[in-house]
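Asker: Dumping the structure here so I can ask a few things about it.
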Ligand code: SAH
């Protein structure tokens with residue numbers, strides 16, 4: 001990997017990234033810190049070289065193992081919802097995938113704790129983020145339905161795959177004043193992105209918008 005690989009040229013250049021940022025603004029992303037993080041993060045290094053010319057389209061793309069890298073708008077929308085509702089010291093991410101959302105979060109919080117159930121993706125994400133010199137991330141290969149109890153409570157939790165209902169264990173690992181963004185739905189065609197805000201034993205839920213995520217799956221895949 002050479003320097004050009006990370007900075008990008010042509011369809012993967014900073015200029016192309018700038019156009020993505022303009023598009024996110026047009027779609028309603030307002031938070032400057034989020035926009036800056038998208039601008040500074042080369043998305044093409046997270047996906048297969050054969051698809052890198054499409055890296056800055058605002059669309060989900062395959063990353064192998066039947067999984068996808070989330071659409072930039074959704075990454076930005078979820079991050080903005082967390083950032084604007086409270087503190088971001090310790091953030092738990094369920095579904096590391098290729099690590100793109102992890103990279104965005106790493107620029108906006110002190111420590112990201114990220115959990116992935118597919119070993120190959122977990123390993124690849126560690127490698128890519130290491131190459132990008134991102135070091136405030138802790139990785140766990142495990143079933144994210146259980147959260148990451150040893151490091152709880154978390155100021156914020158982001159779930160990047162959809163369970164049929166909000167897992168109790170994740171709610172329990174939210175700090176007082178903590179927030180979670182999570183896609184929830186029985187089927188892939190009927191999911192809603194929900195913001196959960198904890199105050200003591202109260203959990204206030206707000207629907208953000210309709211979304212389409214891969215399902216949150218139990219157990220691990222070696
Ligand atoms: N944030 C990722 C999105 C990846 S897609 C990105 O930006 O690329 C969702 C990811 O959630 C997949 O990698 C999938 O393997 C993972 N996943 C699904 N169920 C899981 C579970 N129970 N625990 C941890 N990860 C899970």
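The values are calculated or read from the model by the stated rules, or taken from the named source; none is laboratory data. Source: prediction; values computed, not measured. When we count neighbours, we look across all protein chains shown, and the Cβ atoms used for this are built from the backbone with ideal geometry, even at glycine.
Asker: Within 11 Å of the ligand (Cβ to nearest atom) and over 24 Å from residue 147 (Cα atoms) - does that describe any residue in the range 91-101?
Answerer: Checked against the condition, which is being within 11 Å of the ligand (Cβ to nearest atom) and over 24 Å from residue 147 (Cα atoms), the range 91-101 yields no hits at all.
Asker: Suppose we filter the range 72-89 for residues that are over 10 Å from the mean Cα position of the chain (by Cα) and free of Cβ contacts under 8 Å to residues at least 40 places away in the same chain; how many remain?
Answerer: 0
Asker: Let me ask you something else. Determine whether residue 158 is under 16 Å from residue 74 (Cβ atoms) and either free of Cβ contacts under 8 Å to residues at least 60 places away in the same chain or surrounded by fewer than 22 Cβ atoms within 10 Å (Cβ to Cβ) (or both).
Answerer: It is false that residue 158 is under 16 Å from residue 74 (Cβ atoms) and either free of Cβ contacts under 8 Å to residues at least 60 places away in the same chain or surrounded by fewer than 22 Cβ atoms within 10 Å (Cβ to Cβ) (or both).
Asker: Return yes or no: is residue 66 surrounded by fewer than 20 Cβ atoms within 10 Å (Cβ to Cβ) and more than 13 Å from the ligand (Cβ to nearest atom)?
Answerer: So residue 66 fails the test.
Asker: So which residues in the range 136-148 are out of contact with any helix residue (DSSP H, G or I) (no Cβ under 8 Å at 6 or more places or on another chain) and more than 10 Å from the ligand (Cβ to nearest atom), if there are any at all?
Answerer: Result: 148, single match.
Asker: Among the residues of the range 29-37, is there at least one that is within 20 Å of residue 114 (Cα to Cα), in a loop (DSSP other than H, G, I, E, B) and in contact with a helix residue (DSSP H, G or I) (Cβ under 6 Å, 6 or more places away or on another chain)?
Answerer: No; the residues of the range 29-37 include none that is within 20 Å of residue 114 (Cα to Cα), in a loop (DSSP other than H, G, I, E, B) and in contact with a helix residue (DSSP H, G or I) (Cβ under 6 Å, 6 or more places away or on another chain).
Asker: Let me ask another. Please work out which residue is farthest from the ligand (Cβ to nearest atom), limiting yourself to the range 201-222 and to residues that are surrounded by 10 or more Cβ atoms within 10 Å (Cβ to Cβ) and assigned to a loop (DSSP other than H, G, I, E, B).
Answerer: Result: 212.
Asker: If I filter the range 163-200 down to residues being touching a helix residue (DSSP H, G or I) at 6+ places or on another chain (Cβ under 8 Å) and surrounded by fewer than 19 Cβ atoms within 10 Å (Cβ to Cβ), which single residue comes out as farthest from residue 73 (Cα to Cα)?
Answerer: Among them, the one singled out is 169.
Asker: Within the range 65-165, considering only helices (runs of 4 or more DSSP H) that don't extend past its boundaries, which have at least 2 residues that are modelled with pLDDT of 95 or more and within 19 Å of residue 30 (Cα to Cα)?
Answerer: Counting at least 2 such residues, we get 72-83, 100-106.
Asker: Scanning for something in contact with a strand residue (DSSP E or B) (Cβ under 9 Å, 6 or more places away or on another chain), in a helix (DSSP H, G or I) and free of Cβ contacts under 8 Å to residues at least 12 places away in the same chain, does the range 42-53 turn up at least one residue?
Answerer: Within the range 42-53, one or more residues are in contact with a strand residue (DSSP E or B) (Cβ under 9 Å, 6 or more places away or on another chain), in a helix (DSSP H, G or I) and free of Cβ contacts under 8 Å to residues at least 12 places away in the same chain.
Asker: Here is a further query. Look through 188, 192 and report the one residue that is at negative phi and away from the ligand (no atom under 13 Å from the Cβ).
Answerer: None of the other options fit; the residue is 192.
Asker: Within the group 126, 179, 198, which residue is away from the ligand (no atom under 12 Å from the Cβ) and in contact (Cβ under 8 Å) with a residue 40 or more places away in the chain?
Answerer: After applying the criteria, what remains is 179.
Asker: Inside the range 1-28, can you point out the residues that are assigned to a loop (DSSP other than H, G, I, E, B) and touching a helix residue (DSSP H, G or I) at 6+ places or on another chain (Cβ under 9 Å)?
Answerer: Across the range 1-28, the qualifying residues are 1, 8, 13, 27, 28.
Asker: Just checking, how many residues over the range 69-84 are under 20 Å from residue 124 (Cα atoms) and surrounded by fewer than 21 Cβ atoms within 10 Å (Cβ to Cβ)?
Answerer: Of the residues in the range 69-84, 1 are under 20 Å from residue 124 (Cα atoms) and surrounded by fewer than 21 Cβ atoms within 10 Å (Cβ to Cβ).
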